[in-house]
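Trainee: Below is the structure I would like to discuss, written out as structure tokens.
The values are calculated or read from the model by the stated rules, or taken from the named source; none is laboratory data. Given the structure is predicted, the values throughout are model-derived calculations rather than measurements. Cβ sites come from the backbone with ideal geometry, for glycine too, and all protein chains shown count toward neighbours.
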Amino acid sequence: MSACLAFLAKVSVHGPASLPDNRSHHVSTDEPKIWQFDVTAKLRLLWFYDAGKLVVVSHCFYKQGGKKNTTPRELVEAAQSVFRQYFADKANGNLQIEDGAEDEDQ
């Protein structure tokens, strides 16, 4: 868990574009675009962008198998579903985004 938090802390400061392609890459073959962070050798996060380069993480999973295994299609489709729901809720005023600054010491 600490590796994941350290990884996300780096991304929050420098942005996903600062990562090499083998650590942050596009995994969906269609729209909406879903990206993947390769946090550790096995830990993966699926995510997408919101306005202002806000990164929204939708799913976390552990990679199965060797180097040739691709991201499971059903997880990419689930992330795309979260993307659609997220932006529908945002458009309807049903989404509240908090920066979490108040919770840092808890």
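Trainee: Checking the condition modelled with pLDDT under 95, assigned to a loop (DSSP other than H, G, I, E, B) and not charged (D, E, K, R), which residue from 65, 52 passes?
Mentor: 65
Trainee: Only one of 30, 89 is out of contact with any strand residue (DSSP E or B) (no Cβ under 6 Å at 6 or more places or on another chain), among the acidic types (Asp, Glu) and loosely packed, with under 10 Cβ neighbours inside 10 Å. Can you tell me which?
Mentor: Going through 30, 89 in turn, just one is out of contact with any strand residue (DSSP E or B) (no Cβ under 6 Å at 6 or more places or on another chain), among the acidic types (Asp, Glu) and loosely packed, with under 10 Cβ neighbours inside 10 Å: 30.
Trainee: Just to check your reading of the model, which residue among 76, 57 is surrounded by 12 or more Cβ atoms within 10 Å (Cβ to Cβ), β-branched (Val, Ile, Thr) and part of a strand (DSSP E or B)?
Mentor: Going through 76, 57 in turn, just one is surrounded by 12 or more Cβ atoms within 10 Å (Cβ to Cβ), β-branched (Val, Ile, Thr) and part of a strand (DSSP E or B): 57.
Trainee: Look through 58, 2 and report the one residue that is on the phi < 0 side of the Ramachandran plot, in contact with a strand residue (DSSP E or B) (Cβ under 9 Å, 6 or more places away or on another chain) and small (Gly, Ala, Ser).
Mentor: Matching residue, one of 58, 2: 58.
Trainee: Something else: Give the residues of the stretch 60-82 that are in contact (Cβ under 8 Å) with a residue 12 or more places away in the chain and basic (Lys, Arg), sorted by residue number.
Mentor: Answer for the stretch 60-82, where residues must be in contact (Cβ under 8 Å) with a residue 12 or more places away in the chain and basic (Lys, Arg): just 63.
Trainee: Among the numbered criteria (1) in contact with a Cys (Cβ under 7 Å, 6 or more places away or on another chain); (2) part of a helix (DSSP H, G or I), which one does residue 45 miss?
Mentor: (2)
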